[in-house]
């Protein structure tokens, strides 16, 4: 296990992240290799209770009422061998007026036949604030199946943000399925940024229900596919309370023989609610391409620059 832990930290270092956070007693962290917990640290107000199962790991996470976790909690999930199954059952409770941000790196550098499944139940109490940023690193073979599923419930005035990003390697196959229920004055934002190539398959399904007065929500997708890759994005946002506001924004770039489709569904079920949507699918912008090539870069390099620009984090996507 010591060797696995050292390898995971080495990979963390290669990602441009400081592995020293795992030795800092003031930073909470959890490291899971396949279905074994190989490292953990807690801080005041923040708790983690892992339970190793025959076919996975159940992880209970909680933040006490009123606790503000100042420094980002680091989690590292990974499968280092070419084959394996990792199943994470995540149960999260964020207390009233509590605040926490989690950064999870999911690392599968040698995957030929690896499956990573995460099933999360998340509850954010009144006035709580929970942010979950998921960063993936895959191998070049595309031999990984990633299935993150989450059901999120926000109480009055709670905030929730989640962001999924593939940093390096082939997608393989990704099936994202998130659903959130938002009470009065709560706010949520769900973001997916993924680039696929080869025969990668990308499926994004994000649903939000703005059921409370003054609730706000944003569903934001940025997808790029090339070669024979395929992407399907399904976003549904429903506003059923007065002054509920939401926005769905999906942009996809298609190149080569790739196929992309987007299904934005917006539903307004109260006369004082307001929801907007925007969806765009197309090839690389020719004017951008010509401008970059005029500066001396090759066509392939120019395409990569444009795609990275699409996938780069931005502050956009706020509700109208």
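Please treat every number below as a calculation from the coordinates, not as lab data. The model shown is predicted, which means the values in this text are computed figures rather than measured ones.
What is the percent of Cα-Cα separations in the range 90-170 that go past 14 Å?
The answer is 64 percent, as a whole percent.
Identify which of 34, 290, 228 has the largest mean-square fluctuation in a Gaussian network model of the chain, with springs joining Cα atoms closer than 10 Å.
Evaluated over the chain, the most mobile residue of the options is 290.
Rounded to the nearest Å, what's the spacing between the alpha carbon centres of the range 97-161 and the range 162-238? Just the number, please.
12 Å
What number results when the radius of gyration of the range 152-229, computed over Cα atoms, is divided by 2.2 N^0.38 Å?
With N residues counted in the range 152-229, Rg over 2.2 N^0.38 Å equals 1.29.
Would you mind telling me which residue in 126, 44, 206 has the biggest mean-square fluctuation in a Gaussian network model of the chain, where springs connect alpha carbons within a distance under 10 angstrom?
44
Between 279, 244, 215, find the one with the highest GNM mean-square fluctuation for the chain; connect C-alpha pairs within less than 10 Å.
Result: 279 has the largest fluctuation of those listed.
Using the Kirkwood radius over Cα pairs, work out the Stokes-Einstein diffusion coefficient for the range 2-283 at 25 °C and 0.890 mPa s, in µm²/s as a whole number.
Calculated translational D: 127 µm²/s.
Taking all pairs of distinct Cα atoms, average 1/r, flip it, and tell me the Kirkwood hydrodynamic radius of the range 128-283 in Å to one decimal place.
By the Kirkwood definition, the hydrodynamic radius is 15.8 Å.
For the range 30-139, compute Rh as the Kirkwood radius over C-alpha pairs and then the Stokes-Einstein diffusion coefficient at 37 °C and 0.692 mPa s; write the answer in µm²/s, rounded to an integer.
In µm²/s, the coefficient is 228.
Which whole-number percent gives the relative contact order of the range 2-283, counting Cα pairs below 8 Å spaced six or more residues apart?
10 percent
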